[in-house]
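The values are calculated or read from the model by the stated rules, or taken from the named source; none is laboratory data. Everything numeric here is computed off the predicted structure, so don't read it as measured data. Because the Cβ atoms are built from the backbone with ideal geometry, glycine has one as well, and the counts that use them run over all protein chains shown.
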Amino acid sequence: MITRRTLLGTAAAAAAVGVSAPALRAADADTLRFASSAGGPRKADPNYTTQGADNWHCTQMFEYLAAPEDGDFGKAPSDFQPWLAESWTTSDDAKTWVFTLRRGVQFHKGYGEMTADDVVHSFMRAMNDGVSTSNYINISDVTASATYEVTITLNNPDPLFLGSTIFTKNVMVVSKKAEEEKGEGFATDPIGTGPYKLDVFDTENGVFMSRHEDYWGEPANISKIECLYISDTTARTLALLSGEVDMIEGVRAPGWVPQIQNQKSDLLFDMTVPGSFNTLFFNLSKEPLQNIQVRKAIAHAINKQELVDALQPMARMVYSINPPSYPTGFELEELPEDLRYEYNPDLARELLADAGFPNGLTLPVNTSQREDYRSQHLIIQEQLRGSGINIDLTIMDHSAYHGSNRQNLNTLNINSSSLPPIPLYVYNNYAASAANMKDDSSGGANYSHYGVAMPGVDEKLEAMLQTTTFDEYVRVGREVELQIQRDLPMFGLPTLSYTVVRNPRIDLGYEVNGGYAYWRFCKASIVA
């Protein structure tokens, strides 16, 4: 078994002599190894994963009722295909959805057939006790209307329900019997219906899975999947170049893509577009960020174009929270001039002086050692210095960084997450008071405490829920976008394509165009 200690040692030795590390062990003929950049797995239950790397193994083991084609988001209801549900119907008012389940779907390790009770259980725990409960506040009730039928009743119509709710990882279906039997142990020994089942959950090295032989659909082509955790960039890169791993999470840092292309020209790059939203959250519970003049000063001191240029070919410009290509996103010229927050260090210094800081200020900020976080924070640190804003930056392990954010220990938190083209999903995650992140790590991803520390957009989000047409939905959503720009509890940074570098011996079986920052391996095959 490959170990992070071995790889780190190899990387250090290679760096010392200036050569690439030799292959430590040839890749197994029927195993796919993927290496992410985090320090180690935390949980394997999709309802409780809080770091992106854990989503990779979850998506191999668990499934949705319906989903779009692999390699993209569903942008319209017609893009969604039957999965654990073989069909569904909706009422005229779009408030009642009835899903007819596939029969004969078997859970892993002999836990029996999936029924409506398992689906209801999966939804109820996401609504009541998951890490993103705010995503499900529109659900009024979930019932088993028959052994193989689930009825979901909404408080308000949602024409995008398949994308906003069904295609979200918290409601991936788990075995009710297994969770009740295993209790807290289910977090690292879960039972799903996916094409792969868990073999070993190793808190140091990774998650090891094998083909689920009783899978309801087409069986996985490759028999074993290893989701490894190699946080050190050099070690992870050398593991790919040496053949130790087949795929790695790419490094979203200046110059990395051309550098690795020069090392091995036949490597393949899979990139999602727009990729990860990068959002700078102003922690409104920390002084002096309650002062909007300070927040505006920081916004005007950030040169977004410089970030885009530094992080090519992966970066794309944004002007508000959602990217321009998403339904409620804005192009620069569509925004009122005072809400464009264009780079202007002189104006930033004036705003600071107006806020009572004529000599500047210093803010303690935590960031992750992962390159996309670290690069952005370091560039922003240098930019802010030019306007008299000093960032005392602490760089920490990626898992520890997320832990500090969820304990309310950060001030200017960058959060990177793949978000679908479902505006209400974005707002419910980041801006709703129901998503307020609490000091005990509960709550959602509203790290600003928007709607709690200051009035927010809850009423407008409620109005979005009352819309019955897509055009009206977008119109109200753009009002939400403008209010967030006006209140400035958070600030949209350029998006970054989530990038995976792949050995050409692996054929994914489909093309990656968009979607979340994790995808399935069951269609992959080894071609060389």
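Here are a few things to note about the model shown:
- Any hit, segment 83-96, residues being basic (K, R), part of a loop (DSSP other than H, G, I, E, B) and at pLDDT 90 or above: yes
- Looking across segment 392-422 at every residue that is part of a strand (DSSP E or B) and under 19 Å from the mean Cα position of the chain (by Cα), the one that is farthest from A453 (Cα to Cα) is identified as S418.
- Residue count for segment 429-457 under the criterion of being farther than 15 Å from R406 by Cβ and either of a type in the set (A, V, I, L, M, F, W, C) or in contact with a Phe, Trp or Tyr (Cβ under 9 Å, 6 or more places away or on another chain) (or both): the result is 10.
- Residue count for segment 489-528, restricted to those that are of a type in the set (D, E, K, R) and crowded, with 20+ Cβ neighbours inside 10 Å: 2.
- Screening H398 with (1) out of contact with any helix residue (DSSP H, G or I) (no Cβ under 8 Å at 6 or more places or on another chain); (2) buried (at least 21 other Cβ atoms within 10 Å of the Cβ) gives one miss only, at (1).
- Here S37 passes the criteria (1) free of Cβ contacts under 8 Å to residues at least 40 places away in the same chain; (2) of a type in the set (S, T, Y); (3) crowded, with 23+ Cβ neighbours inside 10 Å except the one numbered (1).
- Tally, over segment 158-196, of residues that are outside any helix (DSSP H, G or I), acidic (D, E) and more than 30 Å from D92 (Cα to Cα): 1
- Answer from L419, L351, L363 - the residue that is under 30 Å from I248 (Cβ atoms), in contact (Cβ under 8 Å) with a residue 40 or more places away in the chain and buried (at least 18 other Cβ atoms within 10 Å of the Cβ): L419
- The number of residues in segment 375-391 being surrounded by fewer than 19 Cβ atoms within 10 Å (Cβ to Cβ) and part of a helix (DSSP H, G or I) comes to 5.
- Scope segment 340-362; condition more than 16 Å from L488 (Cα to Cα) and either among the charged types (D, E, K, R) or not assigned by TED's automatic domain parsing to the domain that holds I380 (or both); matching residues: D346, R349, E350, D354
Listed here are the residues, each with its yes/no results for (1) outside any helix (DSSP H, G or I); (2) surrounded by fewer than 23 Cβ atoms within 10 Å (Cβ to Cβ).
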{"position": "L424", "(1), (2)": "no, no"}
{"position": "D439", "(1), (2)": "yes, yes"}
{"position": "S448", "(1), (2)": "yes, no"}
{"position": "V452", "(1), (2)": "yes, yes"}
{"position": "L461", "(1), (2)": "no, no"}
{"position": "M464", "(1), (2)": "no, no"}
{"position": "T468", "(1), (2)": "yes, yes"}
{"position": "D471", "(1), (2)": "no, yes"}
{"position": "V474", "(1), (2)": "no, yes"}
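- Residue among A239, A301 that alone is assigned by TED's automatic domain parsing to the domain that holds S325 and buried (at least 23 other Cβ atoms within 10 Å of the Cβ): A301
- The number of residues in segment 101-119 that are under 19 Å from T89 (Cβ atoms) and in a strand (DSSP E or B) comes to 1.
- Yes/no for K169 being among the charged types (D, E, K, R), in contact with a Ser or Thr (Cβ under 8 Å, 6 or more places away or on another chain) and either outside the structural domain of D30 (by TED's automatic domain parsing) or more than 20 Å from L465 (Cα to Cα) (or both): yes
- Odd one out for S78 among (1) modelled with pLDDT of 90 or more; (2) in a helix (DSSP H, G or I): (1)
- Against the conditions (1) in a strand (DSSP E or B); (2) within 22 Å of E181 (Cβ to Cβ), S122 satisfies every one except (1).
- Of V142, V119, V131, all but one fail to be free of Cβ contacts under 8 Å to residues at least 24 places away in the same chain, crowded, with 17+ Cβ neighbours inside 10 Å and under 30 Å from K438 (Cα atoms); the exception is V142.
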